[in-house]
Structures are given as structure tokens and as C-alpha cells.
Amino acid sequence: MPIYNIDRLTREEIFGGRLITPMRQFLKRQGRETKGYNQNADMAIITHYLQNKDILAGQQLEAEAIRLMTEYYRATHTELASNVMIDQEAAENLFAAIFEAPVYQHFRNNNAFTFVDLFAGIGGFRIALEQLGGRCVYASEFDPSAQKSYGMNHGVMPFGDIKLQENKDRIPENIDLLCAGFPCQPFSLAGLRQGFADKKKGTLFYDLRDIIAAKRPRVILLENVPGLLSIHDKDEDGKSLPDKTINTILQILRYELGYYVPKPEVLNAKNFGVPQNRDRVFIVGFLDHLQENYHYPDGKNIPQRHFGEIRESGIVDTRYYMSERYWQTLVRHKEAQKSKGRGYGYRTIGDNDFGHTLMVGGMGLERNLVFDPKNPDVNNVADKRGELNHDYIRVLTERECARMQGFPEYFEIRIEKSPAYKQFGNSVAIPAVREVARSLLDYAGIEYNKKE
């Protein structure tokens, strides 16, 4: 049986699942059940408490967090006698690495307003609101890979399944703003368009409704794909109903929950300083009705950026270049579609262009191909994919994807290419969200950092 003597965990150990073995070993020594053990759930309680223990949002987790930290201290100090009392400071220091997370380092003193980050992904909403001085008091994300990226960068593990009542109950009250990029797959033009008939994700909006009803945030900020505006509700058999999904959402927000909700608006990220042509619909609401004359920002005074400003400046590794075989397949496919009068197929972006919408899966990467002749090895190197293409065509790097969404350079990318592409494709354009949030805070009279 392994022996542990760890006084300070690394971020990888805290957020990467590496405490499972010592903790299960500890639970067995205690004669306790290990089947239901969930490290991420424990880390969510501990890290939320440690980052917010100076305010009520963290203090409500104090008893749970101290108990868990004490148990993890014993689990990581195998030879410690069971009758030895654990100093709370030592137990907290075990998790001190969370305060070194790169994004948290930039915003750790934020206290202008409070917000909740639901369906958080890797924290695009969070960064946008932190840039305005906001303090995140609760985060929730279901996907384990995204949870890890979130934790490594923000120093806090998001709570998991938001459908669980215990996770809903942990959301603090008296919050200024609730943001949510609630799952868009059921509403997407590229998806099945099942709306609320999608049992797995479509009904998550109703959990969001329950949270808003219980916690009554002053402001709500929701984001989704434009297809949300056009699809109809469907019954359990998938048959379209007369009502549009967006009307169901607005009716709930306006009449059931009592929020002032202006007409949703589609905003394009390229108008807010992001080098990406990305339309998204924003839905906002205010608990206090005020004058009911809110207007969305238009980004007219924000300088536009193009791909050349965010592309890699140095030589890009050959692994990002397409194989000759696959590249010619794409060329033939596009030519075939063109002969049928269709515009389907790959797309390239130049330095003076806006990137096309980052997408997840399918031909998402092929919508943003780059001509990049800088790497001299492209015509000399063959990898497991075979000969590389001779036209110097490559896909975006993970960092370029991050820049396309407005993520700061200090945001760490510590996962493989495929999940990284998925995470950035599923995220939000940070500058666009920030400007919408700024307009909401101004309208609601909530103090924030106006220097950003």
C-alpha cells in the first residue's frame, strides 16, 4: 500500500484527479464506502470555500470544506496517527496552489459585484465579468475535461451536474448577476433542433428557471446560438408544436419569474474587437424594471481586429499541417459542391480577414484553414498521416483558437489538441460578453471597474 507524506498539493493533483487513490485508500482504512467517492465534487466545495471564505458565499460551505480538507490531509499523510488533531491552517495550506492559478492571479482582489457562472465551460463568461471587477461566487460545469481546464486556470473546481438539488442549494443568494451559456446543441441549426424535447440538454433551461426563481439575481445574462430564435417546441415524440422555443423562454422569464426582458438580440463578435465572424443571440433580464428602455451595445467605438493580429508569429509545428491526401480530399469535395451550385467546403482565412465561426466537430477546423509557408520541413517530413500537403495549408493552433475568442495569453492550455478545440469552440467571445455585461451593469446601476 503506498505511503504518502504531502504537505502541499500541485494544481495537477487538485484538479487532475490524482487524489483518487490516496483518498480511496483512506476511506478503506476508515471502513467507509468508496463507490460513491467523487474527487471533483469534493474539490468544488473546498476550492469555492477557500476563494470566498471572507464573504458569506464561502462561509456557507465552511463546515463541509473543513471536514473534507481534514480528511484529505489525513489521506495525504498516511502515517499520521488517528488521534492527532489536524491544524486547520495546515489543512488549508495543502490546497494553497489554487491561489497560483494564472487567471485567478489577475483577478484575486475583485470585489466590485458578485456573479454566478453556470454552464461555465472553461470560464469565458467568468473572464469577461472579472475584467469588469466582478467576483465569481459559484461556478458549475458538467464536462470533466472542461472542469479541469477551468480549475487549472481559475483555481476553483466547478460544481458538476446542475440538475442535482444539492448543487442548486449551494448557489449563494443576493447575487448581482447570473450568467449562463446554456447548452445550445438542441437549438442549433447544425443539430437536431429538438428544443425542449431534447431530454438530455433541452430541459436544462428549466433547471436554470428554478435557480433564477430561488436565488433572484438582480441581472441575468444568457447566450445561445441564433437558431434558438427560429425553432419550435416539440412534444415528446419530436413533433413540432405551434409555439417557438424562444417564446416559451421569454414567457417564463417575463411572466413566471417577473423579469424585465427586452427583445433578444443577435450580436456579432467581430464588432467587439474579436477576429471572428461569430453571431450569437443574447437574452438579458432585470429584476428591477427601471424604465424598460435597455439597449444592447453595438460595438461601434471598438476597433476591429483581423486574423493577422492573432496568428502565430513563429514557425508552427508540422503536426498542424494537413496531409496531402486529406487536403486533396477537401479540394475535390469543395469543387464537387461548387459544381452543384453550393458553397460548402473548406475555407481559408487571410491576415486581413475575420476568422469564420469556431465550431465543434464535423468540419469545424476546416472552416478556418491557414496558408502558412514558414515551416521549411513541410515538404520534407512525413508523419503517421503520410506526406504533408505541398500548399502549406494548416489548421489553427490551440492558442490561435483561444485568441479568436478573446482569451488572454496567460490562459493556460494544458490538454490535447482535440479537447482544446472543443473547449474553445464551445466557449464565448469574451470581449462581446464583456461589453454586453458592461451595458447591463450600467443600466442596473451596479458598480464595476470602468477602466477595462
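Here are a few things to note about the model shown:
- Histogram of C-alpha separations across segment 296-381, 10 Å bin width, %: 14, 37, 33, 13, 3, 0
- Separation of the alpha carbons by more than 30 angstrom is noted, of Lys215/Lys417; Lys53/Lys163; Lys270/Lys450, for Lys215/Lys417.
- Dipole of the chain, positive end: most advanced residue of Gly299, Gly160, Gly314 [Cβ charges, Cα centre]: Gly314
- Diagonalising the gyration tensor over the Cα atoms of segment 101-143 and scaling each eigenvalue by 5 before taking the square root yields semi-axes of 17, 11, 8 Å, largest first.
- The chain - percent of accessible surface contributed by carbon and sulfur, probe 1.4 Å: 47
- Model label zone, Ala96; criterion: amide N under 18 Å from point 7 Å along Cα-to-beta-carbon; scope segment 15-39: 15
- Put simply, when 80-89, 41-50 are sorted by average Cβ atoms within 10 angstrom per residue, most first, you get 41-50, 80-89.
- If the segment from Asn379 to Glu62 were pulled out straight at 0.36 nm per residue, it would be longer than the present Cα-Cα gap by 108.2 nm.
- Sorting the segments 349-356, 395-402, 376-383 by their residues' average number of neighbouring beta-carbon atoms within 10 angstrom, most packed first, yields 395-402, 349-356, 376-383.
- Stretchable slack from Asn83 to Glu387, in nm (0.36 nm times residue separation minus alpha-carbon distance): 103.0 nm
- Reachable aspartates and glutamates from Lys168, criterion Cα separation under 16 angstrom, eight or more residues apart if same chain: Asp42, Glu64, Asp117, Glu141, Asp207, Asp210
- Relative protection proxy for 120-129, 173-182, 313-322, from highest mean packing down: 120-129, 173-182, 313-322 (other beta-carbon atoms within 10 angstrom).
- Between the residues Ala90, Tyr72, Leu50, the greatest Cα displacement towards the positive end of the dipole of segment 14-115, with unit charges on the Cβ of Lys, Arg, Asp and Glu, is found for Tyr72.
- Excluding same-chain neighbours fewer than eight residues apart, the lysines reachable from Lys451 by a Cα-Cα span under 19 Å are Lys300.
- Average projected area [Cα convex hull, segment 316-452], square nanometres: 11.4
- With the simple model of a label 7 Å out from the Cα in the direction of the Cβ, Ser240 to Gln30 spans 5.5 nm.
- Extension gain from Arg108 to Ala214, taking 0.36 nm per residue of separation minus the Cα-Cα distance: 35.4 nm
- Accessible area, probe 1.4 Å, largest first, for residues Lys384, Lys300, Lys148: Lys384, Lys300, Lys148
- Looking at the chain, the accessible area is 46 square angstrom per residue; that uses a 1.4 Å probe and ignores ligands, DNA and RNA.
The values are calculated or read from the model by the stated rules, or taken from the named source; none is laboratory data. What you are looking at is a predicted structure, and each value in this text was computed from that prediction instead of being measured. All Cβ positions, even for glycine, are placed from backbone atoms using ideal geometry, and neighbour counts span all protein chains on display. Quick note on the areas: whole protein, heavy atoms, side chains included, nothing else; ligands and nucleic acids left out. Shrake-Rupley method; radii C 1.70, N 1.55, O 1.52, S 1.80 Å.
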